[in-house]
1. Do we find a residue being in contact with a Gly (Cβ under 6 Å, 6 or more places away or on another chain), at pLDDT 85 or above and aromatic (Phe, Trp, Tyr) anywhere in segment 89-101?
2. Within segment 153-173, track down each residue that is among the small types (Gly, Ala, Ser) and at pLDDT below 85.
3. Select from segment 156-210 the residues that are under 22 Å from Asn226 (Cβ atoms), among the polar types (S, T, N, Q) and buried (at least 16 other Cβ atoms within 10 Å of the Cβ) and list them in ascending order.
4. Note down all Cβ pairs under 6 Å where the first residue falls in segment 161-183 and is in contact (Cβ under 8 Å) with a residue 12 or more places away in the chain, the second is among the polar types (S, T, N, Q), and they're at least six residues apart or on different chains.
5. Specify which of the listed residues (Ala223, Ala207) is in contact with an Asp or Glu (Cβ under 8 Å, 6 or more places away or on another chain), among the aliphatic types (A, V, I, L, M) and at negative phi.
6. In the set Asn108, Asn76, Asn38, which member is on the phi > 0 side of the Ramachandran plot and either crowded, with 22+ Cβ neighbours inside 10 Å or at pLDDT below 95 (or both)?
7. For Ser126, indicate whether it is in contact with a Ser or Thr (Cβ under 6 Å, 6 or more places away or on another chain), surrounded by 14 or more Cβ atoms within 10 Å (Cβ to Cβ) and part of a helix (DSSP H, G or I).
8. From the set of residues in segment 56-114 that are under 33 Å from the mean Cα position of the chain (by Cα) and of a type in the set (Val, Ile, Thr), which is farthest from Val15 (Cα to Cα)?
Amino acid sequence: MKTKSHSIAVKITLVSSMGLYAISLTQQCYCISGACGNHWSGISLLALGAIGGIMSTAGLTWYANPFIWAAWSLINKKPKQAVIFSLLATLLSASFLLAATISDMQANVTSYITGYQPGYWLWLASMVTTSIGSVMVYLVSKDVPLMINNRVVLQVDFNNRCATGVKLITGEDNIFRKGKKKIKLYDGMQAILWDHDYNDKKVDNLAVIAVINYSFKENCWVAGFNFDDLKHESERGHALLEN
């Protein structure tokens with residue numbers, strides 16, 4: 001389930017980072033021997049790196065680009081992975097500051113790096129912005145319950161059955177807790193219940209669609225479902241736990 005805070009954090013991160021990245025492509029990035037030619041602009045370096053045109057250890061920092069692209073694509077649905085990719089991108093891009101020379105434009109011609117231009121700093125700032133934003137999105141989203149097709153996803157113990165489904169243990173606040181997840185229950189809540197299981201020694205989780213209501217008979221919240229619908233994910237044409 002994407003909260004408002006989650007959506008805002010993702011949007012701010014992507015707009016800021018992509019904006020800095022786009023501007024960096026229009027600027028010169030570094031100087032060699034006091035010269036800062038146009039062929040060292042961000043867009044030129046991006047193209048040269050893609051075809052292996054930057055032949056040096058410093059040129060390896062080009063690979064920060066696919067890492068940051070991956071972080072952008074993952075930040076909304078998989079913020080934890082986005083954190084990893086964005087940190088790798090930041091470390092790679094920052095490592096350019098440690099390079100003294102670079103082979104530029106012509107094979108086997110090495111030049112000394114004598115300065116850094118706005119294009120590089122903006123490019124590095126884009127990486128740092130994505131790293132900070134990814135961490136913020138991850139922190140905002142890690143306590144938020146997963147939603148699939150507008151149904152909250154709950155891990156339950158199917159051994160805790162009653163006549164109409166499974167009992168959900170809550171406190172007086174009507175909040176179901178599983179690990180760090182906290183879900184406020186209400187009558188008519190749509191849910192997908194699941195739990196770990198094995199089939200032929202392979203992980204094959206059990207899952208079922210349920211409706212949550214408070215049961216005065218059981219004196220607790222109950223997730224009701226048809227027991228015939230409780231199946232292993234491999235038994236379905238389309239697994240319930242897949243978006």
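1. Taking every residue of segment 89-101 in turn, none turns out to be in contact with a Gly (Cβ under 6 Å, 6 or more places away or on another chain), at pLDDT 85 or above and aromatic (Phe, Trp, Tyr).
2. Passing the criteria: only Gly171.
3. Hits for segment 156-210 are Thr164, Asn205.
4. Cβ pairs passing all conditions: Val166/Asn160; Lys167/Asn160; Phe176/Thr170; Lys178/Gln155.
5. When all the criteria are applied, what remains is Ala207.
6. None of the other options fit; the residue is Asn108.
7. So Ser126 fits the description; yes.
8. Going through the qualifying residues, I end up with Thr57.
The values are calculated or read from the model by the stated rules, or taken from the named source; none is laboratory data. No experiment lies behind these values; they were computed from the predicted model shown. Methodologically, a virtual Cβ is constructed for each residue, glycine included, from the backbone with ideal geometry; neighbour enumeration extends over all protein chains shown.
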